[in-house]
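Student: Sharing a structure below in structure tokens format, with a few things to ask.
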Amino acid sequence: MENALILIVEDEAAIAEILEAYFRREGCRTVRAADGETAVTHHRMLNPDLVVLDVNLPKKNGYDVLQAIRQIADTPVLMATALGEDAEKLGALRFGADDYVVKPFNPLEVVARAKAILRRAQAASSRSKVLRAGVIEVNLETHAVAIVHEDSPPQRPDLTLTEFRLIAHLARVPQKVFSRAELLDACLPTDGDALERTVDSHISKARRKLELAGAKGYLEGVRGIGYRLMAP
């Protein structure tokens, strides 16, 4: 849990400050949002490790925020609801929350539940050595990409290490748009003086190889932002 980035979405400043203090005491980094729209923006830009999400929020309620998160990522979410009824609890889980706590809550319980969620997420991640995005399979152990169609043998494009890193990074969260700066930092760490346009060059070559192997339209550029991997 140490150094994990926790997004705290809570419109009551006093509660948000208490949660922030308890998470920071555990060595976490924190960022706060006081309304649903800001929460969605923070999630998209910062890609936190876990979200603590209140239900009753201004501008966009917690369920809408959770749905927006689930459209682009599987980020662990701990819902905080003021209602203890079973319908409210089941609603949180049905919308894709990993767990929930009922207000008023003990901050120690919130942190303990967050730890348990992160442990489960990390265990699942360590077990998952193959990422899938449509017909694209990325094997993290063999550093290989395969294009798998039901009616033909798998095609394996001959990728450079940088091209593989870019595709693997995009495949971790299909549909999420990654900025050039994010991709540069994550996939070309040894090129300290590399420019963001270097990413464009590598992406262009990787896209061409994917298309020749039968994955046309999967690697998509988003004007003014960056790139994403998604089924056409």
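Student: Out of the residues in region 16-35 meeting the condition of being over 13 Å from VAL51 (Cβ atoms) and touching a helix residue (DSSP H, G or I) at 6+ places or on another chain (Cβ under 9 Å), tell me which one is most open to solvent (accessible area, probe 1.4 Å).
Tutor: The selected residue is ARG25.
Student: Let me confirm something: among ARG197, ARG207, ARG228, which residue is assigned to a helix (DSSP H, G or I), open to solvent by 60 Å² or more (accessible area, probe 1.4 Å), touching a strand residue (DSSP E or B) at 6+ places or on another chain (Cβ under 6 Å) and of a type in the set (Lys, Arg)?
Tutor: Exactly one of ARG197, ARG207, ARG228 is assigned to a helix (DSSP H, G or I), open to solvent by 60 Å² or more (accessible area, probe 1.4 Å), touching a strand residue (DSSP E or B) at 6+ places or on another chain (Cβ under 6 Å) and of a type in the set (Lys, Arg), namely ARG207.
Student: Provide a single number: the residues in region 198-216 that are in contact with a helix residue (DSSP H, G or I) (Cβ under 8 Å, 6 or more places away or on another chain) and of a type in the set (Gly, Ala, Ser).
Tutor: Number of matching residues: 1.
Student: So, one more: Scan region 94-114 and report the pairs whose first residue is under 17 Å from PHE23 (Cα atoms) and touching a residue at least 60 places away in the same chain (Cβ under 8 Å) and whose second residue is part of a helix (DSSP H, G or I) and not hydrophobic (A, V, I, L, M, F, W, C), with Cβ atoms within less than 6 Å and a gap of 6+ or a chain change.
Tutor: PRO107/TYR22; VAL111/TYR22
Student: Within region 41-56, count every residue that is open to solvent by 20 Å² or more (accessible area, probe 1.4 Å) and part of a loop (DSSP other than H, G, I, E, B).
Tutor: Counting residues in region 41-56 that are open to solvent by 20 Å² or more (accessible area, probe 1.4 Å) and part of a loop (DSSP other than H, G, I, E, B) gives 3.
Student: Moving to a separate point now. Kindly list the number of the only condition in (1) modelled with pLDDT of 85 or more; (2) within 16 Å of the chain's Cα centre (by Cα) that fails for ILE72.
Tutor: Unmet condition: (1).
Residues checked against (1) in a helix (DSSP H, G or I); (2) open to solvent by less than 30 Å² (accessible area, probe 1.4 Å):
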site: ALA39; (1), (2): yes, yes
site: ASP64; (1), (2): yes, no
site: GLN67; (1), (2): yes, no
site: ASP74; (1), (2): no, no
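Student: Pick from LEU166, LEU161: which is exposed (fewer than 14 other Cβ atoms within 10 Å of the Cβ) and within 19 Å of VAL130 (Cβ to Cβ)?
Tutor: Being exposed (fewer than 14 other Cβ atoms within 10 Å of the Cβ) and within 19 Å of VAL130 (Cβ to Cβ) holds for just one of LEU166, LEU161, which is LEU161.
The values are calculated or read from the model by the stated rules, or taken from the named source; none is laboratory data. Just so you know, these numbers come straight off a predicted model, no measurement behind them. When we count neighbours, we look across all protein chains shown, and the Cβ atoms used for this are built from the backbone with ideal geometry, even at glycine. Quick note on the areas: whole protein, heavy atoms, side chains included, nothing else; ligands and nucleic acids left out. Shrake-Rupley method; radii C 1.70, N 1.55, O 1.52, S 1.80 Å.
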